[in-house]
Amino acid sequence: MKAVEENERIVKNIHEAEFEPFVMQSGESEGSFLQLNRSKPPGVGFHVYKMEAGCRTTPHEHSDDEEFLVISGEAVDNDGTVYREGDLILMKKGTQHSTYTEKGCIMAVYIETAEVAV
């Protein structure tokens, strides 16, 4: 087996790395993200999404299925559904929602295509 070359691997720690502001199509910034594979647009593909205390996402529709794992904290969807640390969630294509966090949270997210504001 050949060794992994330095340019073939990227390692960042989610507790130490600098996150980028997540900017919606409307131009509003909500939360921040860490994404290693930049072959896709920001927030598309696999990334880590951080919502600071009091953050609320813009109401949006998923143009594809989205899967996310709550790594830390807690978030609440507009319908009152609470997502807690350790919850693994699948939001189906066409789902419309908005998420709020009182104390902040970090999520590992995979989505194939960008969300659309509603």
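A short reminder: the numbers here are calculations on the coordinates, not readings from a lab. What you see is a predicted model, and the numbers here were worked out from it, not measured in a lab. All Cβ positions, glycine included, derive from the backbone under ideal geometry; neighbour counts span all protein chains shown.
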### Query
Can you pull the semi-axes for region 12-62, root of five times each eigenvalue of the Cα gyration tensor, sorted largest first, whole Å?
18, 15, 9
### Task
Identify, among MET1, THR95, TYR83, the residue whose Cα sits farthest towards the positive end of the charge dipole of the chain, taking +1 on the Cβ of Lys and Arg and -1 on the Cβ of Asp and Glu, with the dipole about the Cα centre.
MET1
### Summary
Packing-ranked peptide list from 76-89, 39-52, highest mean Cβ count within 10 angstrom first, is 39-52, 76-89
## Note on the structure
One finds the C-alpha centres of region 12-41 and region 47-98 to be spaced, in Å, by 15 Å
## Note on the structure
The answer for THR99, listing residues at least 5 apart or on another chain whose modeled amide H is closer than 5 Å to its amide H, is THR57
#### Entry: Positive-end residue of MET51, SER63, SER39, charge dipole of region 15-69 with Cβ unit charges
SER39
#### Entry: Vicinal HN-Hα couplings computed from phi for region 28-39 (Karplus, 6.51 cos²θ - 1.76 cosθ + 1.60; Hz; Gly/Pro x)
7, 9, 9, x, 8, 9, 10, 9, 7, 8, 9, 6
### Message
So if I average 1/r over every pair of distinct C-alpha atoms in the chain and take the inverse, what Kirkwood radius in Å does that give?
### Response
14.9 Å
### Task
List, in order, the whole-Hz ³J(HN,Hα) value for each residue of region 60-77 obtained from phi through the Karplus relation with A = 6.51, B = -1.76, C = 1.60 and θ = phi - 60°; use x for Gly and Pro.
8, 10, 7, 7, 7, 4, 10, 10, 8, 10, 7, 7, 8, x, 8, 9, 10, 7
